[in-house]
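Trainee: The structure is given below, and queries will be raised subsequently.
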Amino acid sequence: MVANLRDALGDALRTADWLEPETRKNALAKLASFDPRIGSTVKWRDYSRVDVARDGYMAAKESAARDSRRFNLEKIGKPVDRTEWNMTPPTVNAYYSPPRNSITFPAGILQPPFFDADADDAVNYGAIGAVIGHEMGHGFDDEGSRYDAAGNLKNWWTDQDKANFEKRAGCVTSQFDSIDVGGGAHHTGKLVTGEAMGDLGGLTLAYRAYHKSLHGKEPPVIDGFTGDQRFFLAIARVWAGNQRAEAARRQLATDPHPLAKYRVNATLQNMPEFHAAFGCRQGDAMVRPVAQQCRLW
Ligand SMILES: [Zn+2]
């Protein structure tokens with residue numbers, strides 16, 4: 001799936017009509033040097049210096065913090081260890097590292113509702129596929145796009161392409177600025193732009209990768225849902241959850257990730273693929289006016 005998502009992003013970069021040849025070449029070089037890491041690290045970290053005892057929670061925390069500090073200080077003067085992971089294998093999360101140009105998917109996220117070896121492809125592409133696309137997308141979001149293929153903070157965009165890119169990013173910023181989340185609360189568009197771009201780009205690429213994987217075959221209808229409908233239901237299931245108003249308020253003020261509900265709804269309001277799958281029409285709540293629909297790839 002990682003290889004298929006990578007192909008889909010490669011196709012998008014090759015065909016994006018708003019990229020000049022120079023930028024396109026740099027973007028493809030960056031994609032080619034992506035380092036995907038899946039499941040678990042190749043080098044286990046040694047925690048033997050950490051003291052954990054049942055009777056002293058605070059002491060255990062302090063010991064772990066001391067070890068973490070020593071671990072980082074010991075890196076000074078040594079070459080960068082590119083095999084290092086910033087998440088433990090059981091963590092249910094994933095990340096992109098701009099200075100390493102690596103994407104990491106710990107074993108913890110490779111289980112339902114993200115990935116299920118027994119589920120059909122539509123469900124897996126709509127869930128973990130969208131996560132893979134999201135992390136790849138961070139290499140080309142408002143922050144990641146400032147790093148080159150080697151992970152150096154270096155501009156590889158022409159001024160024209162950069163302006164085009166910022167216009168696309170600006171569409172997402174103003175979409176989130178305008179969302180009414182209820183109770184007088186709202187997102188800060190600029191804070192969530194990178195993550196929201198990751199969601200939109202990621203789901204778009206996962207959709208294309210899913211369709212490529214079908215090789216022209218029509219997927220079966222399962223439980224009354226078409227392949228495309230199952231794909232979109234899968235991303236909704238990933239983010240389904242409850243949150244107290246206080247927690248939402250804290251997230252809106254401090255977290256670069258939009259509220260879970262809008263990671264789904266705001267993303268899908270931009271996607272004609274979703275509107276076609278569920279027969280939504282212009283004027284429906286889940287359809288943004290065509291002129292305002294944001295698109296990255
Ligand atoms: Zn992200």
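The values are calculated or read from the model by the stated rules, or taken from the named source; none is laboratory data. Quick caveat, the model's predicted, so the values are computed rather than measured. Cβ coordinates were reconstructed from backbone atoms using ideal geometry, including for glycine residues, and neighbour counts include every protein chain displayed. Remember, those area values only see protein heavy atoms, side chains included, never the ligands or the DNA or RNA. Shrake-Rupley method; radii C 1.70, N 1.55, O 1.52, S 1.80 Å.
Trainee: Determine the gain in length on full extension of the stretch A59-D35; use 0.36 nm per residue of separation and subtract their C-alpha separation, reporting nm with one decimal. Numbers along the way, then the final one.
Mentor: Numbers: separation 24, 0.36 × 24 = 8.64 nm, distance 3.73 nm.
Result: 4.9 nm gained on full extension.
Trainee: Quick one: dipole size for the chain, taken about the Cα centre, charges +1 on Lys/Arg Cβ and -1 on Asp/Glu Cβ, in debye to the nearest 20. Numbers along the way, then the final one.
Mentor: Values: 37 positive and 37 negative charges, 127 e Å.
For this selection, approximately 620 debye.
Trainee: Could you tell me, in Å, what Rg and Dmax come out for the Cα atoms of the chain?
Mentor: Rg and Dmax of the chain, Cα atoms, are 20.6, 63 Å.
Trainee: With a Förster radius of 22 Å, plug the Cβ-Cβ distance of R70 and W44 into 1/(1 + (r/R0)^6) and report the FRET value to the nearest 0.05. Please report the intermediate quantities before stating the final value.
Mentor: Values: r = 17 Å, r/R0 = 0.77.
Result of the calculation: an efficiency of 0.80.
Trainee: Subtract the Cα-Cα distance of T83 and H257 from 0.36 nm times their separation in residues, and report this length gain in nm to one decimal.
Mentor: Numbers: separation 174, 0.36 × 174 = 62.64 nm, distance 2.67 nm.
Gain on extension, T83 to H257, equals 60.0 nm.
Trainee: At 1.4 Å probe size, with the rest of the protein present, what percent of the exposed accessible area of the chain is carbon and sulfur atoms? Numbers along the way, then the final one.
Mentor: Working: 8670 of 15960 Å².
Reported share for carbon and sulfur atoms: 54 percent.
Trainee: Right, something else. Using only Cα atoms and rounding to the nearest 10 degrees, what angle (0 to 90) does helix 21-32 make with the longest principal axis of the chain?
Mentor: On a 0 to 90 degree scale, this one is about 50.
Trainee: Per residue, how much accessible area does the stretch 103-169 have with a 1.4 Å probe, in Å²? Intermediate values should be presented prior to the final figure.
Mentor: On the way: 2770 Å² over 67 residues.
That works out to 41 Å² for each residue.
Trainee: Student exercise: in the chain, how many lysine pairs 8 or more apart or on different chains have Cα atoms under 29 Å apart?
Mentor: The number of close lysine pairs in the chain is 29.
Trainee: Oh, and also: Tell me the mean residue ellipticity at 222 nm calculated for the chain from its helices only (DSSP H runs of n ≥ 4, each -39500 (n - 2.57), averaged over every residue, nearest 500). Walk me through the intermediate numbers first.
Mentor: Working: 11 runs with 140 residues, N = 297.
Estimated from H runs of four or more residues: -15000 deg cm²/dmol.
Trainee: At a 1.4 Å probe radius, which order do H134, H257 fall into by accessible area, largest first?
Mentor: Values: H134 10, H257 65 Å².
The most accessible residue leads, giving H257, H134.
Trainee: Next up: Given labels modelled 7 Å from the Cα in the Cβ direction, how far is it in nm from F225 to D284?
Mentor: Here the modelled spin labels are 1.5 nm apart.
Trainee: So what's the gap between the Cα centers of the stretch 86-116 and the stretch 160-200, to the nearest angstrom?
Mentor: Cα centres, the stretch 86-116 to the stretch 160-200: 24 Å.
Trainee: Between the stretch 1-67 and the stretch 242-262, what is the C-alpha centre distance in whole Å?
Mentor: After rounding, the separation between the Cα centres reads 24 Å.
Trainee: In nm, to one decimal, how far is the N242 label point from the V52 one, both placed 7 Å along Cα→Cβ?
Mentor: Output for this residue pair reads 3.0 nm.
Trainee: Put a dot 7 Å past each Cα toward the Cβ at R249 and A276; how far apart are the dots in nm?
Mentor: The two pseudo-label positions are separated by 4.4 nm.
Trainee: Expressed in nm², what is the orientationally averaged projection area of the convex hull enclosing the Cα positions of the stretch 37-147? Kindly include the intermediate steps, with their values, before the conclusion.
Mentor: Values: hull surface 38.1 nm².
So the mean shadow area of the Cα hull is 9.5 nm².
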